Structures are given as structure tokens and as C-alpha cells.
């Protein structure tokens, strides 16, 4: 006999007084998180809750996007994010197709403009794309009628990752207002960190960036400080004091070659998130990581598999959040 | 534009009491009954019906809430974003007698979506429909098993249902929109 | 034989003669033959009249820095299209950079440009020769040969003259010809793979940034070398607060340096890149409001001598791609005056100062080898620009004469428009509202 999952989770209660329709959502595409309002992010959370209910059913499927075509266009290899989107699409009844993008053509310096004609001819409703050049999805929006979802462009943005990170935090902590969030790692090259910085500050959290000064991008600290709720603390112990949320970023091993770090060994000594360092954060602090994790480099194995880690939940929430986003986007494509 | 009240608080109370009785008459095995209200106002109506049944039959009937957002066929033509409410049915629906509850029955498309949603959740033995108002103009072969009031209406009229739980007051009104004259 | 042309009733502003009043100007056989104030008319009876009331009448603009792309990159621009674009912008003398293919590092190449200009161009084109052979920065080009071929300066523009030894030699050697060395100041070790100004905008957009220091460093080095050698240094397209500071102090110490700034660096900030607008991608990059204020201050206290366009046309296909892949450059001739007038309307620069920086001062740097330029003196070549300082117009790149439609000002409303241009006595551009009638 099948049963429907007991609803003990308070975030799954439905509030009947919420309005029938809303004009909150203003995006035809999801390219970056820096122009999302707090209300829009809350709408995503709210819709994600409903999607989690769908995912709790034996048949994890609703026909909301029936008849829509979603095309994934990944110029950088990524199995996990791409699958997450494909599953999200299929759970909503849409057709998901992967257009094989040539990773080598990017290496040769060929522009993606050549692919645009094919995309348009395929009649996609939604295109999910990942590309190594910052700003690449913006060109696509000018030439295709579909809605574009940015699954990561260069250093610039990864809005769906940030939204699932924010949702994961929200599920444990409720409101993000006033929370202390610490981001540790290679912020300069991390699109996940940028999107999270905009998202966290919009939700009212206080963000601390912890990294070697050579990996801190311009305008975020020092004499040219531009963002009020973002502070810089290069010392990891001080940065973690009283933190509610700790996000560790992947360190790419090429950073040593480009002269930005003297050695990986030194990075580990100064910046690895260990149990001892994590103990300086609040006892119920969450540990997040966008993946894939370099265990033993930016984060110790003990922390990855420890009780405060919500890294696996991030992945699970990823499908629900992406379902919510696809649903909201499809609803904002007017005839 | 003119507004006329067609059901008062008392009218609503009496009508719901009558519908509750009808439901009990037609569903001899009350233990199999689940009332499922359709968001938004169908939910408090379902709760009231359950309370009425509980008063008479001394049996607590499960009440659920159904969100049909994911089953609509008009997603792209809406002016605004639909806000999903979430589906919450606190019991297994296999083999049960479901009574769908909504405030107004009009084209029938919402009910069609609701049936699709229920069937994705399980295999009920039967599904019946209870509405407070049936205003006609069906576009699909759907009918109410229990109707509070039949209000023939024109397409220029709007039936406005207000309930204490959602709007602070119990009343049903009919609002006439001005008709655009030819050539204007 | 062309009939003389009277430009009547405009406000004549000629900084070279200190003139600023309403009057009329007569052009005869390619030269300025008469200038009269107020209602005065010339003694001879026979001429055509171009009515210019409400217009400013000034010497044709002199641009010390532009890219005409011919030979080698004719799809982006030719001397024919480039000079017509210049004419629409009020420019009557333009100096073209030698980063062509083949580069202008020898007499033949220079003569090719001059001959194309004379047969197909509509305004005066003065070539700039390379500093180094092939622009490679390794060996000095044959400056003597280039000087006699008629170049007015030397530059490897597009690239900085990074080899300090070569730069020193260039500044030294060029003294024999009294010609300036124009340097594009950029420390390439700091700018490798970089796309726009370094700052909060580049961080938000996820683009590699070009820090101010990259320019300041080479400006400082060049000033030291200019002091060492006594050679003539000209700093191309200054964009930073730091550069302005360094040049100001160098001038105070008597170092022979002149400097230029572009219209876009005076009026546009890095925010124009937002949305990944490749038409705002330029090297050196658009900077911040703070830098702009320093540049305007520099213009006003003569730290910066001239305004030059750095007109850099590219094809639409060139710029239609990912930001990283797009070439640097803004097509500037046809929007220069309109965008610069915003500084006059804001009260940050006077009209006379603007015209001085576009005419008298660049002519001073070029010197006399092509006669008196940037002036309406009697007997000078009749190079005249007429513009309406208050006319509002919308930038329509489809109407550009330049093949380069790459400007961030596309679709913008500007206030101030060139209405007619006379180059060496010929009317080479006129707006359709301008009429020339018999007397």
C-alpha cells in the first residue's frame, strides 16, 4: 500500500492566504542573481517546496511543462548539473535534448554565434547553457526566442547553483536575514561565489569573504570597497568566528601556475576547512560546497562527511530548485 | 458596473449543511470518504463540510488541499505568474471516495486538471464534485454531483465568492461588467 | 575654377587668432581669402553663399590619432570611407596610425597611403610612421626615410613600445627630425587576456580587468626617458587620474611632453560595458567617473593638450561574439563633436577651449611642414567646420559613412552636430538642411 509522505517538515505547510497570482517575477531569462529581488527569491523557495512534494510521490511527474522542449548546451563538461536540469525538465513533462557542443571549438577561439542558427531552428522553448566565456548567454538571448538559463558562464554567474544553496540554507535556518555566511576559497575565479554573494546579500545575510588577497576580485575589499554587507577577512580562524553558514569553494590546481599562489601546500595550511577551524563557527553552522569536492585540499574529509555538512542535500535540492525555476520561466513566456 | 449579493452568510451556512447531508446520503461507507478542497477557497469549504459531517456522523473525515497549478492547460496565456500552493492530502487515496470541493464551477477545466492530479496521486474508487456555485458555460463534459446554487450567468458577469477564512466575510455576489458597445 | 564661397553670419571662433565673433568668411581657390566681422561683406562681387546663422564656424578639426585600416584591413575601413566619416565629423586633417598590413615602416607604404588619400580621400591625411621595424619593437624603423616621406610622428600604436631600450633610442634619434614619439602606454604583463577596466564592474561581470596602474607605469617610464633624452614625447589616449598627475608634474619640470584624450574617455565610464556590450570594449578601457574628472581637469589646465578620436572601426561580425573574443575599438569620427558638446553644455569645458583642443593645439604638435593647419588665418588652407551647438540628434549607425558601426553611442541622443565641412576649399560634407546659393 502506497502512502504519501508525512508532512512533518514545517517548510512544507501551505499557507492558504498567499495570493493566487503574482506580478513579482520579472525575468524572461535566468542569467545572473544580481538583479533578483528578495520577493523573487522567496517565490522560488515557495515553488521549490511544491516541487519537493512532487518529488516525494511515487510518480515524480507532473505535466506542467508538457509539450515544451528544453535543450542543454554545455561548452564545458559537466555531468551533474546537466543531469540535474534534464531530470528537472522530465519531471515536469518537458522533452529534454542535449545539443552536443564542441568543447574543442571554444579552445580554438570559435564563437558560439555559429551555433545560434541551429538552436533557433530546433525550436527550443528553454535553453540551458554553460560556457567558459563570461557573458556568453547574453549574446544568445539577443538571437533566440527561447528562455535562456545560465548554467555557468566563465567567472560571471551560476544563478541556479546559488539558488539551490540559498534554498538549502533556508530549509535549515528559515529566514537568511542577519545570518553570518562565510565564503572561503578562490573567489576571483568562482562564478558560484559571485552569484551567492548577490543572493545572500539580497536576502539580508552578512557575507564574509576569506581568501588569499591574490584571489580576491577587484572592488570587493581594500580601499575600493563597494558592497556594504560584504566584509573581507583573510585569516580563516577570525573569519569563521560565529559563522552560521560556511561555504568552501573548489581550488583549481592551475592557480599555482599562474603565480597567484606560492603553492597548494601553503593554501592548505592557511585555508583548508578543518574540523578544528569549523569549531569556531556556531555549533549548528552549515557547511556547503558547490562540488565537485577536492577532499584534502579546500576541505578535509572529516568535514565533508561530518554532521554539519549539507553537501548531499545541495545536490538533492538542485533538482527541485531547477524544477521550480523551469516552471516559473515557462509561466513567464507569454503567447 | 453593478454588484448584487446573491448569498448571505446564512444562505451559505444552510447550503453547506444541505450539501453535507447529501454527501452522507450518497456515500454510505463514510469511512472511505476524503474531502479534497481546491485552492484557494475550496479548502475552507471542504473543512466546513467535514466539520458538518463530523457533527452529524460523529466521524472525523480527512480533508486535503489540492493544487492544480502543474496540471493547467493555460500556463503561457496568463497575464501574471500563478503562485503554486502545494498539494497536501493527509491520507492514501487508493480505493477511497474523493469529494472534490470548489467554490465556483464554470468551464470545467480546473476540475479536469484536478482529476488528472488526483489520478497521479493514486487510484481512488470514485471522485465526486461539490461546488458552492454552478454558473454554467461548461466547455468540457463535467458536472457537479452537489451544487449549492445554480446561478445562470453571462460571460460579462463575475461571480465573487468571499469566505471568512480568506476574505473576512461570508458572501457571494454577482458583478456585472459593462459591455463594450459595437464600434467603440 | 570653383567660385568663391562665402560662409555668412556664423559665430566665427578661431583660437589661433583669438577671434570669437559673428561674421563671415570667404574661401577662394582653396584658401581663406577674407574674414569680416558683423554685417561686413567682401569686396569682390561674385561668390556663392552658405548661410550659417546660429552655427559655429571654426577651423576644421585636426585629429592626431585614428585608424584608417588601409592597407590590409579594408573590410573594416578604407581611406575613402574613413575620410568621408572624418568629414561628417568636422575633421579636415587626420593622422593615421601605421598598424596597417603592411605597416607603415618604409617609404613605399607611406607613399601608398598618401596617394590613396589624394585620389580617393576627401580630407587631408597625414601618416604616422612606425617606431620599430614591422612594429615588432625590436629595431628602430628608418625614421629618416619616413620623415622625408612625410610622416608627422612615430608610433607603434596598438602596441606599447615596451622595450625601454628601443623607446629611449626612439626618443633620442627622433630629435634629429623634431618629430614626436607617440606611445600607447600599457604594461602588457599586467594586461594579458584582460577585457575592461579593473573594478567592481569587472568583478560583477566576471571579466578580467585592466588596472589603472598598467597605464601609469609606462607613462612614468616614458616621462623618465623623455627627460633623459630631451626627445619629444606624446602620450596617446590618456585615461587615468594617475597619468594626468604624472604628466602635470613632468610639464612643471620642463619635460617635452604632450598628451591627448579621446571623446569616449571623457564622457563614458566602464558602466557602458554592462550587458557585455562589445561596442564599449576599447583599449585603454573606459574607466570611472573619478578618472573622467581628472581628465577634464587636465584639459582645463593644459596638462592634456589635445583631443584625438582614436577612431578604430571594426566590422559588425568582428564585434558580434563573446566579449573575450571581440577586438578593441570604438568608431569615433561621427560622434566626436556631439559627445564632447555634453561637456560644454554641462559647463565643464568652454566652447573655445574645446575648439582649441581640436584645432590649434593639435596643429601645434604637427608643426608647419604642411602649412598652417587648425587656423582660419588669411592665406591658410580653407579647412572649416560648421556646427550647430544646440541641435539634438539621434546617433544612427546605419547613416555612418564609416564602415565601423561599433560605437556604444548607437541610438543615443546627442546635442551638438556638425552641419558642414570644407576641406582645402571644397565642401566635403553638408547636412541636408544646409544650402549653398548664388549671391
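The values are calculated or read from the model by the stated rules, or taken from the named source; none is laboratory data. Since this is a predicted model, take the numbers as computed values, not measurements. Positions of Cβ are backbone-derived with ideal geometry, glycine not excepted, and every protein chain shown enters the neighbour counts.
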Test for residue C:374: is it farther than 22 Å from residue C:159 by Cα, touching a residue at least 40 places away in the same chain (Cβ under 8 Å), buried (at least 21 other Cβ atoms within 10 Å of the Cβ) and not assigned by TED's automatic domain parsing to the domain that holds residue C:232: yes
Helices (runs of 4 or more DSSP H) lying entirely in segment C:94-191 (those with 2 or more residues that are crowded, with 21+ Cβ neighbours inside 10 Å and not assigned by TED's automatic domain parsing to the domain that holds residue C:30): C:107-120, C:143-149, C:164-173
Failed condition for residue A:207, given (1) surrounded by fewer than 21 Cβ atoms within 10 Å (Cβ to Cβ); (2) in contact with a strand residue (DSSP E or B) (Cβ under 9 Å, 6 or more places away or on another chain): (1)
Residue count, segment C:309-321 (criterion: buried (at least 20 other Cβ atoms within 10 Å of the Cβ) and in a loop (DSSP other than H, G, I, E, B)): 6
Failed condition for residue A:148, given (1) within 12 Å of chain C (Cβ to nearest Cβ); (2) not in a loop (DSSP other than H, G, I, E, B): (1)
Complete set of residues in segment A:135-153 that are over 16 Å from residue A:329 (Cβ atoms), in contact with a helix residue (DSSP H, G or I) (Cβ under 8 Å, 6 or more places away or on another chain) and surrounded by fewer than 24 Cβ atoms within 10 Å (Cβ to Cβ): A:139, A:143
Subset of segment B:114-123 (residues that are more than 9 Å from chain A (Cβ to nearest Cβ) and under 25 Å from residue B:16 (Cβ atoms)): B:114, B:115, B:118
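Can you tell me how many residues within segment C:36-68 are over 21 Å from residue C:428 (Cα atoms) and either in the same structural domain as residue C:156 (by TED's automatic domain parsing) or in a strand (DSSP E or B) (or both)?
Applying the first criterion (over 21 Å from residue C:428 (Cα atoms)) to segment C:36-68 yields C:36-46.
Adding the requirement that they be either in the same structural domain as residue C:156 (by TED's automatic domain parsing) or in a strand (DSSP E or B) (or both) leaves C:36-37.
Looking only at that region, the number is 2.
Can residue B:126 be described as within 22 Å of residue B:62 (Cα to Cα), surrounded by fewer than 17 Cβ atoms within 10 Å (Cβ to Cβ), in contact with a strand residue (DSSP E or B) (Cβ under 6 Å, 6 or more places away or on another chain) and more than 14 Å from chain A (Cβ to nearest Cβ)? Let's see the steps before the verdict.
Values: within 22 Å of residue B:62 (Cα to Cα): yes; surrounded by fewer than 17 Cβ atoms within 10 Å (Cβ to Cβ): yes; in contact with a strand residue (DSSP E or B) (Cβ under 6 Å, 6 or more places away or on another chain): yes; more than 14 Å from chain A (Cβ to nearest Cβ): yes.
Taking the combined requirement at face value, the residue satisfies it.
What about residue C:223, is it assigned to a helix (DSSP H, G or I), touching a residue at least 60 places away in the same chain (Cβ under 8 Å) and away from every other protein chain (no Cβ under 14 Å)? Walk me through how you get there before you give the answer.
Details: assigned to a helix (DSSP H, G or I): yes; touching a residue at least 60 places away in the same chain (Cβ under 8 Å): no; away from every other protein chain (no Cβ under 14 Å): yes.
In short, no.
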Options C:384, C:394, C:418: the member that is touching a residue at least 40 places away in the same chain (Cβ under 8 Å) and closer than 30 Å to residue C:279 by Cα: C:418
Subset of segment A:98-136 that is modelled with pLDDT of 90 or more and assigned to a strand (DSSP E or B) - its residue that is farthest from the other protein chains (Cβ to nearest Cβ): A:128
Helices (runs of 4 or more DSSP H) fully within segment A:227-322 counting 2 or more residues that are touching a residue at least 40 places away in the same chain (Cβ under 8 Å), farther than 24 Å from residue A:85 by Cα and assigned by TED's automatic domain parsing to the domain that holds residue A:176: A:236-240, A:264-271
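In segment B:1-113, which strands (runs of 3 or more DSSP E) lie fully inside it and hold 2 or more residues that are within 14 Å of chain A (Cβ to nearest Cβ)?
Hits in segment B:1-113: B:33-38, B:63-66, B:97-105.
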